[in-house]
């Protein structure tokens, strides 16, 4: 019996010990569960949503400009820091930031992580934004529910074209950190999912001067060419080109240019190119072909014949094929009366030689190469056939024989009709066509000069030098003017070449 009671007591102790162990284990498990449950129910990841936005998501700027973009971070409460990563598409922006007390809450500092721009950028010293961290050493400090981070960007000149550059927030990496306490190391807010990709875009305009528009040309007859255009954007001035050669550089905000050297009245190509320190969008356009307008001409009046009372009078015409068709008058034409054998018929030139001007003759079809003389009076008392010798400063000399002059009578040889102009001799014959008044002689009316009445190498050299001088100085002179258009140029040199080695009568 005693043995049996002892055995029963031992069993009871074992049961109690097992129950105690089970109770302790259950209590420990319950405590751990309660602890873990309390931790997990505290504010942790994904317990809030943060919003990122740019106040002005897109701007337009030029190379060298500074643009401003405010990054706004908004949460419900408890924001203590931010860690935002960026990526840049394009090479025209450089991140800038001004860290002032007006921009950041007291006690906070901004840590910037920059990365160098790509080698495609001519200015490799510029930096691009990579990461931005806003932190405080005080773990209990809080930012406002809405934090404004002012960002400044330098627009880099990308060379020769317009471009688009975008700064993007990498939403999958960036985060907003909550306030720390004794139980947690901070709360992380999730970024609002509908803001991806969050971007700040800059449309970078072409930094060069824009092309000129609305180029027009007009002229004052016989005076100048006037170019007009619309002022270009972003220009420091304009370059004026004539036939591809730089004519002049003019100042900014100019919208017209007058070129006062008409010269040959033919079309020349003018181009107006806007420029600045970055260059020009165009180096050839726009251009326009124009020339000085020829002043309208009217046919000179036909001289009214007057019957002479004390002289032998003459009116006749000559062929000047080298005179420009816009010229109506040939001056400095010397007309002399001589015998058919070339002897003088007067003791001096007073009665038998005159220097006069000839006027262009017109027909129903327009101007001709013929010019008519005024009514000339000669003191000749002997009625017979004479020779008429004529020369102009820049033409060869011609002699027309068998012109029958009669005292107190007018011989009118303007109309080439022998039945009407009986006695005009070679002044109405084919000699006017076969022996025209050719241009090219530089020896004038001085018959004593060695090159008189022949177009030779001396004439060519003289006209060439005069033409070169006028082209350089852009000043006109009639010294070598063979076509009588008011200046000496390559056209006059061409007349000398065409008539080279020709002699007069």
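Any read-out appearing in this document is the output of simple, stated calculations on the displayed coordinates, not a laboratory observation. This structure is a prediction, so every number in the text was calculated from the model and none was measured. A quick note on method: Cβ atoms are made from the backbone with ideal geometry, for glycine too, and the neighbour counts reach across all protein chains shown.
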Over segment 372-505, what is the mean sequence separation of C-alpha contacts under 8 Å (at least six apart), divided by residue count, expressed as relative contact order in percent?
22 percent
Cα pair distances in segment 338-488, grouped into 5 Å bins until the bin that holds the longest one, percent each
2, 8, 14, 19, 18, 14, 11, 8, 4, 2, 1, 0
Would you work out the relative contact order for segment 399-467, in percent, from Cα pairs under 8 angstrom that are 6 or more residues apart?
22 percent
In which sequence would 388, 73 go, from the one with the fewest C-beta neighbours within 10 Å to the one with the most?
73, 388
Exposure proxy ranking, count of Cβ atoms within 10 Å, fewest first, for 386, 370
370, 386
Rounded to whole Å, √(5λ) for the Cα gyration tensor eigenvalues of segment 199-285, largest first, gives 30, 11, 10
Can you compute the radius of gyration and Dmax for segment 406-505, using only the Cα atoms, both in Å?
17.7, 55
Highest average packing first - 213-219, 353-359, Cβ atoms within 10 Å
353-359, 213-219
Dividing the mean separation of Cα pairs under 8 Å (6+ apart) by the residue count of segment 312-434 yields a relative contact order in percent of 31 percent
What is the extension gain from residue 497 to residue 329, computed as 0.36 nm multiplied by their sequence separation minus the C-alpha to C-alpha distance, in nm to one decimal?
58.1 nm
Sorted by Cβ density within 10 Å, fewest first, the residues 422, 394
422, 394
